[in-house]
Amino acid sequence: MRFAARQYAIMERAVTMKKRSTRFPVGILAATCLMAACDPAQVAVVVQLEDAEGAPTRLDDIEVRLLPYDRDAIFDSLTALAPTLRPEYNEEQRAAWDARNQAQDEWRGAEDRWNTLRDTVKKLTDELAELNPAMNRYRTLHAEYTRQERELAQAERTQESLFERFDSLDRATAAEAEMLEAQQREWDDEAFRDVTGVIAAKVEASGLDEAADTTGADGVAPFEDKDVVPGTYWVHARHRRTHEELYWNLMVTLARGANETVVLDESNAEVREIF
């Protein structure tokens, strides 16, 4: 514990020294900021993924942040200084969680098929109601209706069976997941207790401010009303999927008067499992 404390103190002193080394006289700093504000950098961030056919699909309502520090480096440093390792799933627990996720995917696939068949049967029912039973068209549609109704009944039984399997696995893993989550929260509270102060020191040393925007229907976070001072930033965003999260933390240097477009996609994202 004392060793970790010493290492943490060394890091804190290094941050303090960096702050002092980058501190300018007030008049010079004000003039520098004024010049930068007159000619800020323009940046737009696009968030897009590929659909099933490989075509780019842009995502809306994704919060994008420009951070004047590397958040990963900060958390990695604090993690390295922690006296114990962060609690994680063991191999047996991971296997159980993977089985639970696979069962969930199979159930949802069966549920999608059941919904599709149900809609088809309803359309056939509505169309048959408009026809004369003596018509050839009616007899043809009725035969199709009978076939689809049998498939719907089978799909419902399959969906119910798969849900029962998923529900059983979900309940079996839930208790361990909640216990591990509580242990991780406790570990995080201890290991990252001073992260706010470290970040504040990094921001002050950079001489820059954080900026945030959200992607619109076009998948673009334009930062139009933000005065982005030229400098080095990390573009940070997250996008959650069923069993995983896409995580972005990309460094970008914005020159004065530049007009930059940053594209966040699967090629530059880190894929993180969600338990």
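Summary of computed values
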| item | result |
| --- | --- |
| The one condition in (1) out of contact with any Ser or Thr (no Cβ under 7 Å at 6 or more places or on another chain); (2) within 27 Å of Glu273 (Cα to Cα) that Ala221 fails to fulfil | (1) |
| Boolean, Pro87 is open to solvent by 30 Å² or more (accessible area, probe 1.4 Å) and farther than 27 Å from Leu264 by Cβ | yes |
| Whichever residue in region 132-142 is assigned to a helix (DSSP H, G or I) and open to solvent by 60 Å² or more (accessible area, probe 1.4 Å) and, among such residues, is farthest from Asn101 (Cα to Cα) | Asn136 |
| Among (1) more than 29 Å from Glu266 (Cα to Cα); (2) out of contact with any Ser or Thr (no Cβ under 9 Å at 6 or more places or on another chain); (3) at pLDDT 95 or above, the one test that Leu246 misses | (1) |
| Contacts under 7 angstrom Cβ, first residue in region 107-122 being part of a helix (DSSP H, G or I), partner aromatic (Phe, Trp, Tyr) and surrounded by 16 or more Cβ atoms within 10 Å (Cβ to Cβ), 6 or more apart | Trp107/Phe163; Trp107/Phe166; Val121/Tyr145 |
| Among (1) under 26 Å from the mean Cα position of the chain (by Cα); (2) closer than 23 Å to Gln102 by Cα; (3) small (Gly, Ala, Ser); (4) at pLDDT 95 or above - the single one Ala175 does not satisfy | (4) |
| Residue match in region 91-108 (condition: touching a Pro at 6+ places or on another chain (Cβ under 9 Å), under 30 Å from Phe163 (Cα atoms) and hydrophobic (A, V, I, L, M, F, W, C)) | no |
| Single residue of Asp51, Asp119, Asp60 found to be surrounded by 12 or more Cβ atoms within 10 Å (Cβ to Cβ) and not aliphatic (A, V, I, L, M) | Asp60 |
| Evaluation of Thr215 against (1) out of contact with any His (no Cβ under 6 Å at 6 or more places or on another chain); (2) open to solvent by 20 Å² or more (accessible area, probe 1.4 Å) (one fails), failing number | (2) |
| Scan of region 152-194 for residues that are open to solvent by less than 60 Å² (accessible area, probe 1.4 Å), in contact with a helix residue (DSSP H, G or I) (Cβ under 6 Å, 6 or more places away or on another chain) and charged (D, E, K, R), ordered by number | Asp170 |
| Within region 47-72, tally of residues that are small (Gly, Ala, Ser) and under 19 Å from Glu245 (Cα atoms) | 1 |
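The values are calculated or read from the model by the stated rules, or taken from the named source; none is laboratory data. All of these numbers come straight from a predicted model, not from anything done at the bench. Quick reminder, even Gly has a Cβ in these numbers, built from the backbone with ideal geometry, and neighbours come from all protein chains shown. These area figures cover heavy atoms from the full protein model, side chains too; ligands, DNA and RNA do not enter into them. Shrake-Rupley method; radii C 1.70, N 1.55, O 1.52, S 1.80 Å.
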